[in-house]
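Taken together, the values in this text are just the output of simple stated rules run on the coordinates, not laboratory data. Please read these numbers as outputs of a predicted model, since none were measured by experiment. So basically every Cβ, Gly included, is an ideal-geometry build from the backbone, and we count neighbours across all protein chains shown.
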Amino acid sequence: MADVNRGDRPLSPHLQVYRPQLTSITSILTRLTGNALIVATLLIVWWLLAAATGPDYFATANAVVTSWFGDLVFTLSLWAIWYHYFAGLRHLIYDAGKGLEIETAEKLGIACIAGSVIMTIITLIII
Amino acid sequence: MRFLTARKRAEGLGAAHSGTEHHWYMIVSSVGLALIVPIFLFVFGRALGGSHQQVIDTFSHPAMAILTMLLLYVGLQHFRKGAQTMIEDYAGGMTRKILIIAVTVLSYGLIATGLFAVLKIAL
């Protein structure tokens, strides 16, 4: 009877059975931001290809990239990459076996959120 | 009593027979990306919205061309493996296989296109 449920078992994270917590939300956001960055990457590669092709094609790509849509994608992506950056550093700390006590882990979660917002604003001011 | 170490007894019994290398790659690439991403953000942010000539000048600089190519390659490999982990968590069977192949094709396609574009601008 060991094989009755083969192939229909729950997959790993079981998101639906957990009450949301700072640690879980910040972890989910890491995955979300990392994967969402593909949108900005697509735009950047297209924009670079257009720049390499010539002024006419560049004008087309640049119009899209600097439109309200482009601004929205790049502003959100800027926050996403800074968030993913800090969450990645946190991951390195976790991987080293440190910072896993609940109190420290929650502080690190707040640090990721605060750090990403602050760095997004600083980057926007500088560029 | 057999003279086997705990490691020897466990070896090869994992579900996938691999995975450590994948995790280690994410660690190594994340450290690499942590070094180059901030520089790219500021230089790219300044070039964005500039004229065609300004963009060409920015990415023609050897340092920026090398940095951008590194970022495209390492960043998209990091994406490919990260996205693969997500797919493996949420999808199974044929869907999983098709999605992993799609992510792989997309990642290498973007790497090749991006590298071609930067090289054409820089050289």
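A few remarks follow.
- Charged neighbours of A:HIS91, selected by a Cβ distance under 12 Å, balance to +2 (K, R count +1; D, E count -1).
- Reciprocal mean inverse distance between Cα atoms of the stretch B:18-122 - Kirkwood radius, Å: 15.2 Å
- Among B:ALA65, B:ILE36, A:LEU108 - extreme Cα towards positive end, dipole of the protein assembly as shown, charges at beta-carbon: A:LEU108
- Annotation: the residues A:TRP79, A:TRP47, sorted from fewest to most other C-beta atoms within 10 Å of their own C-beta, follow the order A:TRP79, A:TRP47.
- Using the rule -39500 (n - 2.57) for each DSSP H run of four or more residues, divided by the residues of chain A, the 222 nm mean residue ellipticity is -26500 deg cm²/dmol.
- Relative to the compact-globule estimate of 2.2 N^0.38 Å, the Cα radius of gyration of the protein assembly as shown comes out at 1.17.
- Normalising by residue count, chain A has a Cα convex hull of 190 Å³ per residue.
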